[in-house]
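The values are calculated or read from the model by the stated rules, or taken from the named source; none is laboratory data. Keep in mind the model is a prediction, meaning the values are calculated, not measured. We place every Cβ from the backbone using ideal geometry, glycine too, and count neighbours over all the protein chains shown.
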Amino acid sequence: MSITGSTAADVPPIDDGTNGPGASRSLDALLDVSLPVVIEMGRTQMTVQEVLQLAPGSVVEIDRTVGDPVDIYVGDRLFAQGEVVVVGEAFGVRVTRVLQSSGTESDS
């Protein structure tokens, strides 16, 4: 996976007060942790019979229309929204909004 058009954010040290006065620990050890990222284009409900009838060429209608943003989940949390783009011969997602933990758009 590659990320284009972005720069890594500087992560300040955290001082949680548990290691004595003025002690701080860095998040550097966590920066290389791999997290699952899921891009969700849409959802639908199907009966078991409908699922069993799926075959090559079947079209499954989802709850989104062309141009709607796709959801970007990191772990099990909705993190951002974006738009589908073509990168060479592959698809990618351009991030258009980064959400706060409550699922609302952040100020930045």
- Note on the structure: In the set Thr65, Thr44, the lone residue that is closer than 19 Å to Thr96 by Cβ, outside any strand (DSSP E or B) and of a type in the set (Ser, Thr, Tyr) is Thr65
- Item | Subset of the stretch 69-80 (residues that are free of Cβ contacts under 8 Å to residues at least 24 places away in the same chain and either in a loop (DSSP other than H, G, I, E, B) or on the phi > 0 side of the Ramachandran plot (or both)) | Asp76
- Could you count how many residues in the stretch 23-66 are within 20 Å of Gln81 (Cα to Cα), of a type outside the set (Asp, Glu) and surrounded by 11 or more Cβ atoms within 10 Å (Cβ to Cβ)? 7
- Task: Answer yes or no: is there a residue in the stretch 14-31 that is modelled with pLDDT under 95 and among the β-branched types (Val, Ile, Thr).
- Result: yes
